[in-house]
Amino acid sequence: PEIAELYSKEFEQMLSGKFHSAKSRNTGKHKFYIEGGTIEVLFSPKYNTASRIIQIINNSKKYIYIPTFLITHRQITEALINAHKRGVDVKIIMDAANVATTHIKYQQIREQGIPLKIENYAGKLHSKTMIIDDEYLITGSMNFSNSGENKNDENLLIIKNSTIVKSYKRSEERR
């Protein structure tokens, strides 16, 4: 109920005509304890979403699997490359719709030796997800882009729960 309340408050601001930077940051609780872990709820553009994602990437030890629509965020890209250089197994599947986008980072990522598959049918993959170390699932509506972090009205869930993460990982491995 507390998480639903956060979403309601965010939605109510938009219903009243407040979008993007005109919205107020909800100062209430944003991290909730659930059985076996936590859920953090963040909203763009008010919550420094990319810095929290980068913090988790920087602390990764084993793997980062990313099924995503696109990656254009420079600092997220750099954090993924640095994780790969530290020996973290980074694998990415990206939608074909954005391959020609100006700021897309797929070539830079591939040049660093990170396996990156472009889906063969544009619009097939609209996920915005990171699965990290059987520990974190990062998901929501936020693209891993500057607009997703700083311009759009987006939501981001950071779920720290090994049972949920392993289940999600198994479903993605079938892709």
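The values are calculated or read from the model by the stated rules, or taken from the named source; none is laboratory data. Owing to the predicted nature of the structure, the values given are computational and were not obtained by experimental measurement. Quick reminder, even Gly has a Cβ in these numbers, built from the backbone with ideal geometry, and neighbours come from all protein chains shown. Remember, those area values only see protein heavy atoms, side chains included, never the ligands or the DNA or RNA. Shrake-Rupley method; radii C 1.70, N 1.55, O 1.52, S 1.80 Å.
If the Cβ limit is 7 Å and pairs must be 6+ apart or interchain, which residue in the range 150-175 that is more than 18 Å from Val41 (Cα to Cα) and free of Cβ contacts under 8 Å to residues at least 40 places away in the same chain pairs with which residue that is among the hydrophobic types (A, V, I, L, M, F, W, C) and surrounded by 17 or more Cβ atoms within 10 Å (Cβ to Cβ)?
Filtered contacts from the range 150-175: Tyr168/Ile131; Tyr168/Leu137.
Kindly indicate the residue of the range 1-53 that is over 19 Å from the mean Cα position of the chain (by Cα) and basic (Lys, Arg) and also nearest to Val165 (Cα to Cα) among those meeting that condition.
Lys29
Could you give me the residue pairs with C-beta distances under 7 Å whose first residue belongs to the range 91-108 and is under 20 Å from Ile64 (Cα atoms) and of a type in the set (Asp, Glu), whose second residue is part of a loop (DSSP other than H, G, I, E, B) and open to solvent by 40 Å² or more (accessible area, probe 1.4 Å) wherever it lies, and which are 6+ apart or on separate chains?
Asp95/Ala122; Asp95/Gly123; Asp95/Lys124; Asp95/His126
Restricting the search to the range 11-45, which residues are of a type in the set (D, E, K, R) and closer than 30 Å to Asp134 by Cα?
Hits for the range 11-45 are Lys29, Lys31, Glu35, Glu40.
Yes/no per residue for (1) touching a strand residue (DSSP E or B) at 6+ places or on another chain (Cβ under 6 Å); (2) within 26 Å of Asn48 (Cβ to Cβ); (3) among the aliphatic types (A, V, I, L, M):
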| site | (1), (2), (3) |
| --- | --- |
| Ile114 | yes, yes, yes |
| Met130 | yes, yes, yes |
| Asp134 | no, yes, no |
| Ile138 | yes, yes, yes |
| Phe144 | yes, yes, no |
| Glu149 | yes, yes, no |
| Ser162 | no, yes, no |
| Tyr168 | yes, yes, no |
| Glu173 | no, no, no |
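How many residues are part of a loop (DSSP other than H, G, I, E, B) and modelled with pLDDT under 90 if we restrict to the range 146-175?
2
Please enumerate the residues belonging to the range 90-123 that are of a type in the set (D, E, K, R) and surrounded by fewer than 12 Cβ atoms within 10 Å (Cβ to Cβ).
Glu111
Sort out which residues of the range 65-77 are out of contact with any Phe, Trp or Tyr (no Cβ under 9 Å at 6 or more places or on another chain) and more than 15 Å from Glu149 (Cα to Cα), and write them in order of number.
Tyr65, Pro67
Which of the residues belonging to the range 21-49 are open to solvent by 60 Å² or more (accessible area, probe 1.4 Å), modelled with pLDDT of 90 or more and in contact with an Asp or Glu (Cβ under 8 Å, 6 or more places away or on another chain)?
Lys31 - this is the single residue of the range 21-49 that is open to solvent by 60 Å² or more (accessible area, probe 1.4 Å), modelled with pLDDT of 90 or more and in contact with an Asp or Glu (Cβ under 8 Å, 6 or more places away or on another chain).
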